[in-house]
Amino acid sequence: MSKPIASYSPFRRAGATVYCSGQIPLIPETGELLQGTLAQEVDRAIDNLAAVLAAAGSGLDRVVKTTVFLIDPRDYAEMDSAYKARFADPLPAREAVFVSGLPKQARVEISAIACD
């Protein structure tokens, strides 16, 4: 799990619910942003999310809701395809939000709510 890049916790618990902060496609070993296709960046962000969930005693299979932040609406289809490959049915509830910028100039960020 990467060290946070600002003043926040990677996750917080409230009862049996785990709230995960947004994850961008940082490479944990270097702290650098992955530069690749959007699908590769989504996959790296989900890998980072999985590491946070594991630290919290949960996993991707326990995610009930996600929020995906994108800076370019044209990236939606590629994000959706990469995202769907990582989550099993029933898929988590999700919204996608288009924003003008993300930390470290990332193109995608994903946050999640899961059960423990």
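What to note about this one:
- Taking every residue in the stretch 81-104 that is touching a residue at least 40 places away in the same chain (Cβ under 8 Å) and pairing it with any residue that is in a loop (DSSP other than H, G, I, E, B), at least 6 positions away or on another chain, the pairs with Cβ-Cβ distances below 8 Å are 102/24; 102/71; 103/5; 103/6; 103/24; 104/5; 104/24.
- Among the residues here, residue 52 does not qualify as in contact with a strand residue (DSSP E or B) (Cβ under 7 Å, 6 or more places away or on another chain) and more than 19 Å from residue 9 (Cα to Cα).
- Top-ranked residue of the stretch 29-57 - restricted to ones that are within 10 Å of the chain's Cα centre (by Cα) and free of Cβ contacts under 8 Å to residues at least 40 places away in the same chain, ranked as nearest to residue 112 (Cα to Cα): 50
Taken together, the values in this text are just the output of simple stated rules run on the coordinates, not laboratory data. All figures in this text were calculated on a predicted structure; none of them were measured in a lab. Cβ sites come from the backbone with ideal geometry, for glycine too, and all protein chains shown count toward neighbours.
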